[in-house]
Ligand code: SF4
């Protein structure tokens, strides 16, 4: 995925239908998209040599490695408390346990682990290490906003709607019970809705990064619709590009499981 990502313009413009180049690279890797679906690839191939100007941030592996080294230096006990993780010290080894969507990661001094295996996914590491580094101090505001209300996100909104909100609406347009069931499986939490919908629930993408999901099922008049909302203080805890990518992964988990269940029937 990283090799594919390196070939892309890395501008996260969203013209390929997903909101980040990393998400697009993942789709190409899974054969869900072709490189040529990025309208800028032709230019890149003709130029052949990538611009030196993008080089410092062009290698996500390098970024994730650098963040990993930085994370190893933080005080684990106080950091765990600040980020909503669980601290453990055993036989001289310190660990922070942190839940992201439904998986519990272990941050150790020598790296990030999932089920005792070293995590190789650079994007997972970037999201978690950036969250650890930020140690956001803002409480939840209680104001829920769409992705487009965060600063500098206008260019991502269309792609986010297509790869997250519309994707969920399409997958569950005639299956509200299925959506409810899958949301429970992914750890949904009951929160009182602020507006009327056919289904509403909340998730903790990370301990201090909630996601609010409103769903309206299709009827004779209207297509199904889904809205994903965030706390207005989310940016204090997570980079918004990381948040968009995390939500796309979350949606993929819901939808892929749905397809898998259908396939096995
Ligand atoms: S179209 Fe997609 S892959 Fe191409 S630069 Fe824009 S976001 Fe990246």
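The values are calculated or read from the model by the stated rules, or taken from the named source; none is laboratory data. These numbers come from a predicted model, not from an experiment. A quick note on method: Cβ atoms are made from the backbone with ideal geometry, for glycine too, and the neighbour counts reach across all protein chains shown.
List of remarks:
- Answer residue from the stretch 214-254, given it is surrounded by fewer than 18 Cβ atoms within 10 Å (Cβ to Cβ) and closer than 12 Å to residue 169 by Cα and is modelled with the highest pLDDT among those: 225
- Considering the stretch 83-191, the qualifying helices (runs of 4 or more DSSP H), each wholly inside and each with 3 or more residues that are under 23 Å from residue 64 (Cβ atoms), run over 122-134.
- Taking the stretch 1-54 as the region of interest, the helices (runs of 4 or more DSSP H) fully inside it that hold 3 or more residues being within 9 Å of the ligand (Cβ to nearest atom), within 18 Å of residue 248 (Cα to Cα) and at pLDDT 80 or above are 21-29.
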